[in-house]
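Heads up, the thing below is written out as structure tokens.
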Amino acid sequence: MSSTLDNLVRMANQIATNLKHEADPVGAMAEHIRLFWDPRMKQIIFAHDGTGLSPDAAKAIDALKASA
Amino acid sequence: MTYQPQTDFGTPASRSEDQVTLTIDGRETTVPAGTSVMRAASEQGTAIPKLCATDSLASFGSCRLCLVEIEGRRGTPASCTTPVEPGMVVHTQTPHLAKLRKGVMELYISDHPLDCLTCAANGDCELQDQAGNVGLRDVRYAADATHLGQTKDHSNPYFDFDPSKCIACSRCVRACDEVQGTLALTVQGRGFDSKISAGLSSDNFLGSECVSCGACVQACPTATLVEKSVVEIGTPERAVVTTCAYCGVGCTFRAEMRGEQLVRMVPWKDGKANRGHSCVKGRFAWGYAQHQDRILKPMIRAAASDPWREVEWEEAFTYAASELKRISAKFGKQALGGITSSRCTNEETFLVQKLIRAGFGNNNVDTCARVCHSPTGYGLKTTFGTSAGTQDFDSVEDSDVILVIGANPTDGHPVFASRMKRRLRAGAKLIVIDPRRTDLVRSPHIEAQHHLALRPGTNVAVLTAMAHTIVTEGLVDEAFVRERCDWNEFKDWADFVSLERNSPETLEPVTQVPAADLRAAARLYATGGNGAIYYGLGVTEHSQGSSTVMAIANLAMATGNIGHRGVGVNPLRGQNNVQGACDMGSFPHELPGYRHISDAATRREFEAEWGVALDPEPGLRIPNMLDAATDGVFKALYVQGEDILQSDPNTQHVAAGLAAMECVIVHDLFLNETANYAHIFLPGSTFLEKNGTFTNAERRIQMVRKVMSPLNGLEDWEVTQELARALGLDWNYTHPSEIMDEVARLTPSFSGVSFDKLDEEGSLQWPVNEAAPNGSPIMHIDGFVRGKGKFVVTDYVPTDEKTGPRFPLLLTTGRILSHYNVGAQTRRTDNVVWHEEDLLEIHPTDAENRGIKSGDWVKLASRAGETTLRATVTERVAPGVVYTTFHHPMTQANVVTTDYSDWATNCPEYKVTAVQISSSNGPTNWQEGYDQHARNARRIETAEAAE
């Protein structure tokens, strides 16, 4: 993985971990990425095969990708 | 304004709401109960002669000059120590009083050098004034035994102490005690032998505990303590009130001038943030403004390896615009971005973000708050609904329990720290949560009830354990929570924190805080009366910075410590305009007023005003810009007033990002470290050279007023405007007030702000709108901005930055009193006498294990990089923890800090880096290489001599 992708995977996992107590953790994480990540960051993570992503992070990214 | 000393009413104002009417010199006057006769007289325009009294200090009653006669009372009481009473009849001038005062003055002058014509305070000396006021014409006493001819103390770089001119009024000693709270000065000896002494008699001012705040100099009624600048230049002839450009306290000063030369900065007594006090930086460290290192001509170069070439402004703007257009055409508009600065004014910051959104055509704008208080914005907006602190600074006067977490206010926010210490000396209780034993933990007449010396990186665990104690021991203010907060969210939070895994006992191995101490601190905060929390970057600069801010908000809501004086959640902002830079829309996802860029209705307002379509997608944050640069897709950056190479984490990554760009425009006072990678340099103007506003940590908007012409010819807002015009934007601002008018039109929380209103009110705390036309000192009084306060579950997540055999110690970083941020300003002042270099603090046990002594060169290594600096062995840090500052570029502490960051905002995790320390015999290869690179990058082509 590139350094940027490494960072994005780590950030996604961090977000998922810290939002796990939300009523809808997957939705909350998807919304967080929608609000704070720039389009290129989203495109990179959307294009990623999911390696290294936690299950919640992967679900959230899939959900956001589907709604994009 | 023409020069006039600030009005001195002699004694402090009374806060009583009861009124007392009395008669002074035949005139009836009404004042608050508790007012002194001296102040009552002064307020009605009668100046009673005085020497030992000044309105910043409690009355003292020693000089015997302010005597008055009161009908029905025997003797001649001192007016400074006599409170008014109903029906009192006072006479301030009678033949008897005149004779007494003349006698007192005669004694003073008999032991005072009569060198008024050559004295630095000539014309600005209270002793001289009072001698005239009492009509002293000759001195009958022989000068057999005097204090004349004593040795002057020139040791302090900013002021002189001449004991020959001292009248032993104790104003300096009392100022140090009461105002500053350092208690560095004392009166040594008794009677005729009385002498002002800084510490021990063997100490001089520089060697003493004096922190050079200037309170003693300001309080001195003679030339005993006088600024060196006054000695050198002379007394000022005019004064302009302006706002300090250092920390987020936002002290207001009178810039006292002769022509366009600054003579001295004197704290403004009417300043609502500082209430007439100052610190060594704001008071004295302004010499950088005229420093020879300042760059005054624009410069350009094709490559960062070339020498700079000086050009005229027009060529610089044309070249910059052509490069930005070229890069936009070649790589797309997303390849451009900019960084605003918390050191610049609101108006400048607003223009930079407008340039990027409206001119560059994207939202790739960020600010240095990214690397300090971005978690505050996220955390407080989520929980309370507003990205700002809840109180004004005056609020601390009503606090009963003060909890300081991750902040070192005596160094970082010294003027507010003095106000806090004053309240602590009056009896408020103190809890400090910090890995280091900061000065606040134990200082004269102050001792924290609890110092929770937690392991770095465990803030959330400590705060959750405090919440566990409060909830499980039944200390929640349930009435407040039911009325003001979402009850269901509270219940979820309460259930979570009540889990055994969140108890102080279970978490003790993680936090290293004794459970009993943590429980006691939690009980004190919850039950000790008005509880106020103050925090700094030790909270935000973590991988769970935003969670920590929310955990703090949870505690405040659970205990009802929100919505009135004495309580609240108070972020201590690092730089002068962190709050303002955030307010002005510097973040890539928000327009001014914290409104998300994806909100179509908000965007339409800006599009209508600016005449362009705005990108609805959030832009890149600083670390994301650097990642994109190293990926080859981000190519141009306009940086105003920031030095990201020195201040941002993982220096080598920052350098690689900058080196990968084709156009780096640095707009700054000096050739800073970032400029070593720049292609265009636009010289900046200091806060003394421009108009605008700063917004301090209490949301207080204050005027910055131009007191001298910009040495480079343009104020910073003009530079940004010219760059915008070169890019084709039709900007025609003629004054920063017009920029603020635009801010007010577009930003609901600023709708009532204008320069005229600020001139009228002195300052305004936002929101300023129809509902609060004069601002909002305290927020969330009747309800939270978001409606119901939101409790957020904050589960402790250990950082990914782990210690281990290779890197067994934890590094945390911070600041020192005498320096500011990257030191670009303060290193170019005499403040370097207190701190010539960054030092590594290491515990004696860790030092001994490595054979390290104080003063040794040591190598500081992490997974990110390594640097060298000298060690100081101290118990201020716990075993396993080391600490340093980041004020000096050759240390480059950020070479070792990592890319880890806050989960919500990407604020770097400066406060936790796993490191190893070992002996060293000098700079690392990287330091030597960087030094060579910096020397090379700063070359300026010399113009060829004309034929």
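The values are calculated or read from the model by the stated rules, or taken from the named source; none is laboratory data. This is a predicted model, so every value here is computed, not measured. Heads up, the Cβs are rebuilt from the backbone with ideal geometry, glycines too, and the neighbour counts pull from every protein chain shown. Accessible surface areas use protein heavy atoms only, side chains included; no ligands, DNA or RNA. Shrake-Rupley method; radii C 1.70, N 1.55, O 1.52, S 1.80 Å.
Between B:Asn122 and B:Glu836, what's the calculated FRET efficiency when r is the beta-carbon distance and R0 is 45 Å? Round to 0.05.
Rounded to the nearest 0.05, the efficiency is 0.80.
Can you give the % of DSSP beta bridges in chain B that are antiparallel, to the nearest 5?
Bridges in chain B that DSSP calls antiparallel: roughly 60 percent.
Taking 8 Å as the Cα distance limit and 6 or more residues as the minimum spacing, I'd like the relative contact order of chain B as a percentage.
13 percent
Taking a virtual spin label 7 Å from the Cα of B:Leu499 along the C-beta vector, which residues in region B:770-804 bring their backbone nitrogen under 16 Å of it?
B:792-798
Just the projected area, averaged over all directions, of the convex hull on the alpha carbon atoms of the protein assembly as shown: how many nm²?
Seen from a random direction, the Cα hull of the protein assembly as shown projects 43.7 nm² on average.
If you filter region B:603-694 for GluC sites (Glu not before Pro), then keep DSSP loop positions with at most 12 other Cβ within 10 Å, what is left?
In loop regions of region B:603-694 (DSSP not H, G, I, E or B), there are no sparsely surrounded GluC sites (Glu not before Pro).
Distance in nm between label sites at B:Asp631 and B:Ala613, each 7 Å beyond Cα in the beta-carbon direction?
2.4 nm
Can you tell which of B:Thr345, B:His780, B:Val371 lies farthest toward the positive end of the dipole of chain B, using +1 and -1 charges on the Cβ of basic and acidic side chains (Lys, Arg; Asp, Glu)?
Projecting each Cα onto the dipole axis, the largest value belongs to B:His780.
Which order do B:Val654, B:Val797 take when ranked by solvent-accessible area (1.4 Å probe, heavy atoms of all protein chains), largest first?
Largest accessible area first, the list is B:Val797, B:Val654.
Enter the Cα centre distance for the pair region B:371-388 and region B:620-637, rounded to the nearest angstrom.
First find each Cα centre; the distance between them is then 25 Å.
Just to check I understand the Karplus step: with θ = phi - 60° and J = 6.51 cos²θ - 1.76 cosθ + 1.60, what whole-Hz values come out for region B:404-413, glycine and proline as x?
Per residue, the Karplus-derived 3J(HN,Hα) values read 10, 10, x, 9, 10, x, 5, 9, x, 9 Hz.
Largest first, what is the accessible-area ranking of B:Arg275, B:Arg700, B:Arg73, B:Arg806 with a 1.4 Å probe?
B:Arg806, B:Arg275, B:Arg73, B:Arg700
If you average the C-alpha positions of region B:457-496 and of region A:12-68 separately, how far apart do those two centres end up, in angstrom?
Their Cα centres are 28 Å away from one another.
Could you give each residue of region B:628-637 its phi-based ³J(HN,Hα) in whole Hz, using Karplus coefficients 6.51, -1.76, 1.60 with θ = phi - 60°, and x for Gly or Pro?
5, 5, 5, 7, x, 10, 10, 10, 9, 9
Hey, what does the equivalent ellipsoid look like for chain B, semi-axes from the Cα gyration tensor as sqrt of 5 times each eigenvalue, largest first, whole Å?
For chain B, the semi-axes come out at 46, 34, 30 Å.
What full-extension length gain, to one decimal in nm, is calculated for B:Glu85 and B:Ser202 as 0.36 nm per residue of separation minus the Cα-Cα distance?
Between B:Glu85 and B:Ser202, full extension yields 37.4 nm more.
Could you size up the charge dipole of region B:694-757 around its Cα centre, putting +1 on the beta carbon of Lys and Arg and -1 on that of Asp and Glu, and report it in debye to the nearest 20?
I would put it at about 280 debye.
Using only the heavy atoms of the protein chains and a 1.4 Å probe, how would B:Glu447, B:Glu85, B:Glu473, B:Glu178 rank by accessible area, largest first?
B:Glu447, B:Glu85, B:Glu473, B:Glu178
So which chymotrypsin sites (Phe, Trp or Tyr not before Pro) in region B:77-182 are both in a DSSP loop and have at most 14 other Cβ atoms within 10 Å of their Cβ?
Taking region B:77-182 and a limit of 14 other Cβ atoms within 10 Å, the loop chymotrypsin sites (Phe, Trp or Tyr not before Pro) found are B:Tyr141.
Want the number for B:Phe331 to B:Lys297: 0.36 nm per residue separation, take away the alpha-carbon distance, what's left?
Once the chain is fully extended between B:Phe331 and B:Lys297, it gains 9.2 nm.
With 26 Å as the limit, write out which pairs from B:Lys381/B:Lys491; B:Lys381/B:Lys911; B:Lys491/B:Lys802 have Cα-Cα distances beyond it, or answer none.
Over 26 Å Cα-Cα: B:Lys491/B:Lys802.
Just flag the trypsin sites (Lys or Arg not before Pro) in region B:133-210 sitting in loop per DSSP whose Cβ has no more than 11 other Cβ atoms within 10 Å.
Of the trypsin sites (Lys or Arg not before Pro), the ones in loops of region B:133-210 whose Cβ has at most 11 other Cβ atoms within 10 Å are B:Arg137, B:Arg140, B:Arg190.
Most fluctuating residue of A:Ala28, A:Ala12, A:Ala58 in a GNM of chain A with Cα springs under 10 Å: which is it?
Taking springs between Cα atoms under 10 Å, the residue moving most is A:Ala28.
Would you kindly derive the ³J(HN,Hα) couplings of region B:775-791 from the backbone phi angles with the Karplus curve 6.51 cos²θ - 1.76 cosθ + 1.60 (θ = phi - 60°), listing them in order in whole Hz, with x for Gly and Pro?
Per-residue couplings from phi come out as x, 9, x, 10, 9, 6, 5, 9, x, 6, 4, 7, x, 8, x, 10, 7 Hz.
Pop a pseudo-label 7 angstrom from the Cα along the beta-carbon direction at both B:Ala13 and B:Glu71 and give the gap in nm to one decimal.
The answer from the label model is 3.0 nm.
Can you check what the net charge comes to around B:Leu817, using other residues whose Cβ is under 10 Å from the Cβ of B:Leu817 (Lys, Arg +1; Asp, Glu -1)?
Net of charged neighbours comes to 0.
Near the amide H of B:Thr868, under 5 Å away, which other amide H atoms are found, from residues 5 or more places off or on another chain, if H is placed in the peptide plane?
B:Leu860, B:Thr924
What 222 nm value per residue comes from the helices of the protein assembly as shown, counting each DSSP H run with n ≥ 4 as -39,500 (n - 2.57) and dividing by all residues, nearest 500 deg cm²/dmol?
It comes out at -9000 deg cm²/dmol, rounded to the nearest 500.
For labels at A:Phe46 and B:Leu148 in the simple 7 Å Cα→Cβ model, what's the distance in nm?
Once both label points are built, they end up 8.8 nm from each other.
Among the residues of region B:895-913, which ones have their accessible area go down by 30 Å² or more when all the protein chains sit together, as opposed to their chain alone (1.4 Å probe)?
B:Asp899, B:Tyr900, B:Trp903
On a straight-distance basis, which lysines could pair with B:Lys281 in a cross-link, Cα separation under 22 angstrom, same-chain partners fewer than 8 positions away excluded?
Within reach: B:Lys228, B:Lys269, B:Lys272, B:Lys421, B:Lys690, B:Lys706.
So for region B:633-769, averaging the separation of alpha carbon pairs under 8 Å that are six or more residues apart and normalising by length, what relative contact order in percent results?
17 percent
Treating cross-link reach as a plain straight distance, find the lysines whose alpha-carbon is under 23 Å from the alpha-carbon of B:Lys333, omitting any fewer than eight places away in the same chain.
A:Lys42, B:Lys325, B:Lys354, B:Lys635
I need to check one value: relative contact order of region B:548-658, counting alpha carbon pairs closer than 8 Å and at least 6 residues apart, in percent.
Rounded, it is 14 percent for region B:548-658.
With every protein chain present, what is the per residue accessible area of region B:862-925 (1.4 Å probe, Å²)?
Spelled out: the 1.4 Å probe surface of region B:862-925, per residue, equals 28 Å².
Size of the dipole of the protein assembly as shown about the Cα centre, Lys and Arg at +1 and Asp and Glu at -1 on the beta carbon, nothing else charged, in debye to 20?
Once rounded to the nearest 20, the dipole reads 1200 debye.
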